[in-house]
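K.L.:
Let me give you the structure first, and then I'll get to my questions.
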Amino acid sequence: MASVTFKGNPVTLLGQEVKVGDSAPNFTVLANDMSEVNLSSSKGKVRLISVIPSIDTGVCDAQTRKFNEEAAKLDNVEVLTVSVDLPFAQKRWCAAAGIENVQTVSDHRDLSFGEAYGVIMQELRLLARSVFVVDSNDKVTYVEYVSEGTDHPNYEAAIAAVKTAN
């Protein structure tokens, strides 16, 4: 299992660790309108899945904005930002931030995504910062579990992985 700290303190990750080459696990999360979203909702596209602890924090805000900016330059790519924030909070934040190229989705209801991708921080009931790239055939082509939850992910590596996935 990946080793992660949050503000310097070790956390226990729950769920199944995902590795490059794995078939992407399915999940069910909620869109901002409370409709269900799962892996097959974007079947046939490359998916960049950006996982954050909470949209209302500085690094999570910056991460979502960065991937929103990059998504505007990509074709046939679905960018999801997953957190346990309530869908209403995500919708409010997106409207205030002008986010249009990323779909924020909530794992608050049952931690389906967190369990399937091994990113639930047990001590905090938040998701660990991470990035996954899933190709159009539902294969995982890139994985980053950010070792310190308050650090930024490797944006350049994630975008490069998206550009080479098909």
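The values are calculated or read from the model by the stated rules, or taken from the named source; none is laboratory data. Being a predicted model, the structure only gives us computed values, none of them experimental. In this analysis, Cβ positions are derived from the backbone assuming ideal geometry, glycine residues included, and neighbour counts consider all displayed protein chains. Note: accessible area is taken over every heavy atom of the protein model, side chains too, but ligands, DNA and RNA are not part of it. Shrake-Rupley method; radii C 1.70, N 1.55, O 1.52, S 1.80 Å.
K.L.:
Cα-Cα pairs above 21 Å in the range 31-164: how many percent? Mind showing how you got there, number by number?
P.N.:
Numbers: 2985 of 8911 pairs.
Tail of the P(r) past 21 Å holds 33 percent of the pairs.
K.L.:
Just the Cα atoms of the range 99-166: what Rg and Dmax do they give in Å?
P.N.:
Gyration radius and largest Cα-Cα distance of the range 99-166: 13.0, 37 Å.
K.L.:
Same structure again: Quick one: accessible area per residue over the chain, 1.4 Å probe, rounded to a whole number of Å²?
P.N.:
Numbers: 7390 Å² over 166 residues.
Counting only protein heavy atoms, the per-residue value for the chain is 45 Å².
K.L.:
Whenever you get a sec, compute what percent of the accessible area on the chain sits on carbon and sulfur atoms (1.4 Å probe). Walk me through the numbers on the way to the answer.
P.N.:
Values: 3580 of 7390 Å².
Using a 1.4 Å probe with all protein chains present, the chain comes out at 48 percent carbon and sulfur.
K.L.:
Considering only the range 39-133, what is the antiparallel percent among its DSSP beta bridges, to the nearest 5? Display every interim value, and only then the final one.
P.N.:
Numbers: 6 of 16 bridges.
Approximately 40 percent, going by the DSSP bridge assignments.
K.L.:
Please list the non-local residues whose amide H lies under 5 Å from the amide H of Thr104, H modeled 1.01 Å from N, same-chain partners needing a gap of 5 or more.
P.N.:
Thr81
K.L.:
Also: At 0.36 nm per residue, and after removing the present C-alpha to C-alpha distance, how many nm does the segment from Ser3 to Asp110 gain when stretched out fully? Before the final figure, lay out the partial values.
P.N.:
Details: separation 107, 0.36 × 107 = 38.52 nm, distance 2.32 nm.
36.2 nm is the gain from fully extending Ser3 to Asp110.
K.L.:
Mind grabbing the base-10 log of I(q)/I(0) for the range 54-118 at q = 0.12, 0.13, 0.18, 0.28 Å⁻¹? Debye formula, identical points on the C-alpha positions, no solvent, two decimal places.
P.N.:
-0.29, -0.34, -0.65, -1.25
K.L.:
Another question about this same structure. In debye, nearest 20: dipole of the range 31-110 around its Cα centre with unit charges on the Cβ of K, R (+) and D, E (-)? Please list the in-between numbers first.
P.N.:
Values: 9 positive and 12 negative charges, 27 e Å.
The dipole of the range 31-110 has a size of about 120 debye.
K.L.:
Out of the DSSP beta bridges found with both residues in the chain, what percent are antiparallel (nearest 5)?
P.N.:
Numbers: 22 of 33 bridges.
In the chain, approximately 65 percent of DSSP beta bridges are antiparallel ones.
K.L.:
Over what distance in Å are the Cα centres of the range 16-45 and the range 101-166 separated?
P.N.:
If you average the Cα positions of each part, the centres end up 10 Å apart.
K.L.:
Which far-off residues, 5 or more places away or on another chain, put their amide H under 5 Å from the one on Asp85, with H placed in the peptide plane?
P.N.:
Ile55, Asp107
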